[in-house]
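Structure record follows, encoded as structure tokens.
Nothing in this text is a laboratory measurement; each read-out follows from the coordinates by a stated rule. Treat the numbers as computed from the prediction; the structure is a model and nothing was measured. Using ideal geometry, Cβ is built from the backbone for each residue, glycine included, and neighbour counts are taken over all protein chains shown.
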Number of protein chains: 2
Amino acid sequence: MKFTIKRSAFLKSMADVQRAISSRTTIPILTGIKIVANEEGITLTGSDSDISIETFIPISDESNTLIIEKTGSIVLQARFFSEIVKKLPEETMEIEVLDHFQTLITSASASFTINGLDANNYPHLPVIDTNESFHLPVGLFKQVIGQTVIAVSTHESRPILTGINMVIENGQILAVATDSHRLSQRIIPLEMTEEQAGKKYNVIIPGKSLIELSRTLDDNSETIELTIAENQVLFKTENMFFYSRLLEGYYPDTKRLIPETSVAEIEFNANTLLGAIERASLLSHEGKNNVVKITINPDLVEISGNSPDIGNVQEELDYISVSGDPIELSFNPDYMKDALRTFGQTTIKIKFTSPVRPFILVPSENDQTFIQLITPVRTF
Amino acid sequence: MKFTIKRSAFLKSMADVQRAISSRTTIPILTGIKIVANEEGITLTGSDSDISIETFIPISDESNTLIIEKTGSIVLQARFFSEIVKKLPEETMEIEVLDHFQTLITSASASFTINGLDANNYPHLPVIDTNESFHLPVGLFKQVIGQTVIAVSTHESRPILTGINMVIENGQILAVATDSHRLSQRIIPLEMTEEQAGKKYNVIIPGKSLIELSRTLDDNSETIELTIAENQVLFKTENMFFYSRLLEGYYPDTKRLIPETSVAEIEFNANTLLGAIERASLLSHEGKNNVVKITINPDLVEISGNSPDIGNVQEELDYISVSGDPIELSFNPDYMKDALRTFGQTTIKIKFTSPVRPFILVPSENDQTFIQLITPVRTF
């Protein structure tokens, strides 16, 4: 294998692949990055066996200034190799595999010779044995991930809750995540063929995979292609294949957790409320109970927190409108902050049913497609 | 105590004082920030007993929009208090001490009540019992610190080497630091009265103090005043007093370590050489010996590194001029990188005497006032 390439093009492709590479793997070759040069271009592969990422640098794209003198393949230790590529002195670099998998990396008068591994020993990527796939706008799909991943559980005690449940049917995707204290749900429309419309797909994708996917997705790419196989999901963009394993098991029925009625409703600017929660949580973080209290009366809407050793905080809240019964309840302000941040600069409604039952946050203008749910903390 | 103030002015002053406050102190009150309001303004104090910083916010400076309604004082837990001030909703805030040292912090509709401590229990700052002082340009003094502090020892085995030795005499300051493997020395001129010119001051200031001082020094302040007392040094700028204890003991005689002759000399652009050393050190960092080799021949100047497990690197160096005998020696590339960074964008000369004796780096245009010295590593 021997090729020259514009270093910045190689670096970008390599950075995406590296998201899948973990230094803590038990399979030594997976600390490496696989490089394959063929007639069409260069393919880079990285994997931690949960996630595998493959990127392609085509010769046909002249901005890569890629010239392949000899096809072939090699596996190079990823962290170390990427450090070298980053520090090379010139914009162009050459990579050549010598005898015994030794690899020569040159740029201007600097040359590195590093020990590589036989690419034939690199594990095979999952085989996706279906052609059935869906197309989604990248921006919208990133939004779905960002809005639901906050509620994914980080505890391995119930592995199924470390994933996002995606149910595809009737021309839509319903994405939901819950750690049993809070829940995030977003519904988006999905273009389907007539044949697809008759089926139902129900998968649980690890939250970690979706976070990494979201980071590799370029806002410039327009669509992403989603293919679901037996125990894998594949996301395709123009020059990237992103594979993730699926979580096995049944996701809990979350529909019944979402209250359908409310006794009190209050409308806020999401960002204004976030500022107040951040202040109130300063004190609750210091105390034993990480809890903040909201009090809604016809003449006063107030948030308060206290930590006996340190002091207390209270703040009268600016709201847009309020209706229903007076209510007072306590909640974990960190859940509230996470939820509020997913709305951005918009107005939201908070709907309460009782001081001990979950309350929901929804966008003011549309309360059907996006819901954040938080369970109150009992303080009495 | 009760006052209102522009929050950004308070934050800036508080950030400087916080540099002296450590959460790991064994004296609980020193985790706090002392606030004193008198007729002239607000004084903030922080200390870890090695370093003490006092900043002053004058009423006379109208940009502070400081109004003192009641003089007084309080000590508030620094980390927590600063978090509150940072997150307050409005540009103006009010601080009021209530009964039992409870302190009310308000801004718009947000109010915090936190428990404070009696400022009378806060330790007294060192007493500086001399009026004799020197004035220095801030920019130049920051440069001296930056250029010498790299060679300060981080090991407590020889505490004296954790400081920078400053010798003031004959109208100049000689600053020197060494960790016994490398040495940095810078000499700058100093304005002195006739009386001062006849004396000699020899102090060792902890490197840690000078790093923190350097960080608090605003590039907009023009001069800094330096006062040396028995076991303390005081640095004064317009609105800040920075106290540091001095290290006790005798600093080694470093003059004899600096070679006066050389057998080989080579001139580089400091930044170009830095790039090459950074590349060579990628490999040496992976190996057991963190060592890079430089080879100077009439027809080739080369740097190389190798790590048997991983590979090797070599690079022909661009240099400006070379003279003297051929030489080959090995050194710790981290020392070289630190030293090269202190020169910035300039050309330097490296002067060698032997493969086993220290070599020096000096600016091309002036080899008297600034020297970086590095001891080679014996590899044979």
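Starting from the Cα of B:Lys349, draw a straight line to each of the aspartates and glutamates and keep only those under 18 Å, dropping any in the same chain fewer than 8 residues away.
B:Lys349 reaches B:Glu260, B:Glu265, B:Glu267, B:Glu302, B:Glu316, B:Asp318, B:Asp325, B:Glu328, B:Asp338, B:Glu365, B:Asp367.
Which value at 222 nm does the protein assembly as shown reach when only helices count, each DSSP H run of 4 or more adding -39,500 (n - 2.57), with the total divided by all residues and rounded to the nearest 500 deg cm²/dmol? Intermediate values should be presented prior to the final figure.
On the way: 14 runs with 142 residues, N = 760.
-5500 deg cm²/dmol, from helical runs alone.
Return the lysines within reach of A:Lys208: Cα separation strictly under 23 angstrom, same-chain partners fewer than 8 residues apart disregarded; answer none if there are no such residues.
Excluding near neighbours in sequence, the set is A:Lys12, A:Lys34, A:Lys142, A:Lys236, A:Lys337.
Using the Cα gyration tensor of region A:99-147, with a ≥ b ≥ c the square roots of its eigenvalues, what is the shape: rounded (a/c below 1.5), prolate (a/b larger than b/c) or oblate (neither)? Could the numbers behind the result be given before it?
Values: a/c = 4.16, a/b = 1.89, b/c = 2.20.
Taking the square roots of the gyration eigenvalues as a ≥ b ≥ c, region A:99-147 is oblate.
Treat the count of other C-beta atoms within 10 Å as a stand-in for reagent exposure and order A:Leu226, A:Leu76 from fewest to most. If you can, show how the numbers build up before the last one.
Numbers: A:Leu226 22, A:Leu76 25.
Fewest-to-most ranking of A:Leu226, A:Leu76: A:Leu226, A:Leu76.
With labels modelled as points extended 7 Å from the Cα through the Cβ direction, what inter-label distance (nm, one decimal) is found for A:His100 paired with A:Glu238?
Simple spin-label model gives 4.3 nm for this pair.
Could you give the dipole magnitude of region B:134-245 about its Cα centre, charging the beta-carbon of Lys and Arg +1 and that of Asp and Glu -1, in debye to the nearest 20?
Numbers: 10 positive and 13 negative charges, 98 e Å.
It comes to approximately 480 debye.
Going by a ≥ b ≥ c, the root eigenvalues of the Cα gyration tensor, does the protein assembly as shown fall in the rounded group (a/c under 1.5), the prolate group (a/b larger than b/c) or the oblate group? Provide the component values of the computation, followed by the final result.
Values: a/c = 2.86, a/b = 1.12, b/c = 2.56.
Since a/c reaches 1.5 but b/c is at least a/b, the shape of the protein assembly as shown is classed as oblate.
Each label point is 7 Å from the Cα along the Cα-to-Cβ direction; what then is the distance between the points at A:Glu230 and A:Asn120, in nm?
2.7
Averaging over every viewing direction, what projected area does the convex hull of the Cα atoms of region A:132-211 cover, in nm²?
The Cα convex hull of region A:132-211, projected and averaged over all directions, gives 5.2 nm².
For chain B, just the Cα set please: Rg and Dmax, both in angstrom.
Values for chain B (Cα only, Rg and Dmax): 25.3, 81 Å.
Taking amide H positions as placed in the peptide plane 1.01 Å from N, state which residues far from A:Leu246 in sequence (5 or more) or on other chains have amide H under 5 Å from it.
A:Gln232, A:Val233
Using a label point 7 Å beyond Cα on the Cα-Cβ vector, give me the inter-copy distances for A:Pro326 in nanometres, one decimal, shortest first.
9.5
In nm, to one decimal, how far is the modelled label at A:Ser364 from the one at B:Glu132, with both set 7 Å along Cα→Cβ?
The two pseudo-label positions are separated by 7.1 nm.
In Å, what Rg and Dmax follow from the Cα atoms of region A:15-87?
Reported Rg and Dmax, both Å: 12.7, 39.
Which FRET efficiency value, to the nearest 0.05, do you get for B:Glu39 and A:Asp334 by plugging their Cβ-Cβ distance into 1/(1 + (r/R0)^6) with R0 = 60 Å?
Working: r = 44 Å, r/R0 = 0.73.
Computed FRET efficiency for B:Glu39 and A:Asp334: 0.85.
Partner chain Cβ atoms within 10 Å, averaged over the residues of B:279-285 - can you pull that number for me? Provide the component values of the computation, followed by the final result.
Numbers: counts 10, 3, 1, 8, 6, 0, 2.
Mean shielding by partner chains, rounded to a whole number: 4.
Taking Cα pairs under 8 Å and at least six residues apart, what relative contact order does region A:258-374 come out at, in percent?
Relative contact order, region A:258-374: 33 percent.
Taking a label point 7 Å from Cα toward Cβ, how far is B:Thr261 from its twins in the other copies, in nm, shortest first?
Spacings between copies for this position, smallest first, are 10.2 nm.
I need the calculated FRET efficiency for the pair B:Asn170 and B:Asp218, taking r as the beta carbon distance and R₀ as 35 Å, to the nearest 0.05. Mind showing how you got there, number by number?
Numbers: r = 30 Å, r/R0 = 0.86.
Computed FRET efficiency for B:Asn170 and B:Asp218 comes out at 0.70.
Normalising by the residue count of chain A, find the relative contact order in percent from Cα pairs under 8 Å and 6+ residues apart. Write out the running numbers ahead of the final one.
Values: 841 pairs, mean separation 48.2, N = 380.
Relative contact order here is 13 percent.
Between region A:218-276 and region B:1-71, what's the alpha-carbon centroid distance in Å?
Value for the Cα centre distance between the two parts: 47 Å.
Please arrange A:Leu282, B:Leu190 by counting, for each residue, the other beta carbons lying within 10 Å of its beta carbon, fewest first.
Details: A:Leu282 22, B:Leu190 19.
The order, fewest Cβ neighbours first, is B:Leu190, A:Leu282.
Which order do A:Tyr250, B:Tyr319 fall in if you start with the one that has the fewest other Cβ atoms within 10 Å?
Numbers: A:Tyr250 9, B:Tyr319 16.
The most exposed by this proxy come first: A:Tyr250, B:Tyr319.
Which of the three applies to region B:179-316, rounded, prolate or oblate, going by the alpha-carbon gyration tensor with a ≥ b ≥ c and a/c under 1.5 meaning rounded? Don't jump to the answer; show the numbers that get you there.
Numbers: a/c = 2.46, a/b = 2.08, b/c = 1.18.
It comes out prolate by the Cα gyration axes.
Could you work out the relative contact order of region A:2-121? I mean the mean sequence separation of Cα pairs under 8 Å and 6+ apart, divided by the number of residues, in percent.
Details: 253 pairs, mean separation 34.3, N = 120.
This gives 29 percent for region A:2-121.
Ignore the peptide's own chain and count Cβ atoms of other chains within 10 Å of each Cβ in A:308-314; give me the average, rounded. Write out the running numbers ahead of the final one.
On the way: counts 1, 3, 6, 13, 6, 7, 5.
The per-residue average across the peptide is 6.
Pull out the extension gain between A:Asn297 and A:Glu69, defined as 0.36 nm times the separation in residues minus the alpha carbon to alpha carbon distance; nm, one decimal.
The span from A:Asn297 to A:Glu69 would gain 74.5 nm if fully extended.
How far is B:Lys12 from itself in the other copies, in nm, if each label sits 7 Å out from Cα along the Cα-Cβ line, shortest first?
Computed spacing set for this position: 4.1 nm.
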